[in-house]
Every structure is written in C-alpha cells, then in structure tokens.
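Okay, so here's the structure we're looking at.
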Amino acid sequence: MTAPSRRAAAAVGLAATLLAPAVEAHSPFPGLKGLYAGFLHPLTQPAQIMLLLTLGLLIGDRAERVRQPATVVTIGGVLAGLIGAAALGLAGD
C-alpha cells in the first residue's frame with residue numbers, strides 16, 4: 001500500500017470511528033452493572049474469547065522485537081477505550 005492510500009484508509013477509519021453513534025450494551029449477568037460488567041463481558045461471549053485467544057497466540061508467535069510493541073499497543077488500546085468511555089460518561093450506571 002502506498003503512503004497516500006494508507007493516509008486515505010486511516011482518514012476513512014478515523015471518520016467512521018468519530019461519526020459512529022453511541023451504543024448501549026447489555027450486562028452479561030443480571031444485576032451486574034458498570035465497570036465489572038464491562039470487564040467480564042468478553043469472558044462470557046465465545047466469539048470474544050476466541051478473538052482474545054487468537055490475538056494472544058498471534059502476538060506470542062512473533063519475534064521479541066515485534067511482540068513487545070504489539071503488547072504495548074494492545075494494552076494501550078484497552079486503556080484508551082476505558083479512558084474514552086469514562087470521559088464520555090459511558091463507563092457505569
């Protein structure tokens with residue numbers, strides 16, 4: 001992919017992210033709300049469990065020089081999502 005097409009793809013991805021409407025999620029367990037429901041939700045859905053395991057296997061299979069930045073980016077993405085949700089008031093009831 002050339003540099004202009006990468007920039008265009010990044011711009012489209014950013015625009016889609018910023019223009020997406022807010023969504024409401026369900027709790028995986030009755031009576032569980034807020035932060036705990038958010039942390040436990042990926043562990044209750046088979047598709048999300050498979051995604052997490054696959055991501056872990058892909059990162060773990062790479063060379064050390066790739067593994068460390070990939071782990072940092074993954075953790076950074078999770079933290080950015082939590083901070084963004086808290087800033088928008090979406091992180092609890």
Quiz item: Could you sort 75, 59 by accessible area so the largest value comes first, with the probe set to 1.4 Å?
Solution: 75, 59
Practice problem: Would you please give the FRET efficiency between residue 58 and residue 82, computed as 1/(1 + (r/R0)^6) with r the Cβ-Cβ distance and R0 = 30 Å, to the nearest 0.05? | Solution: 0.85
Self-check item: For segment 42-93: accessible area per residue (Å², 1.4 Å)
Solution: 79 Å²
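The values are calculated or read from the model by the stated rules, or taken from the named source; none is laboratory data. In this text the structure is predicted, and so the values were computed from the model without any measurement. Backbone-built Cβ (ideal geometry, glycine too); neighbour counts: all protein chains shown. Accessible surface areas use protein heavy atoms only, side chains included; no ligands, DNA or RNA. Shrake-Rupley method; radii C 1.70, N 1.55, O 1.52, S 1.80 Å.
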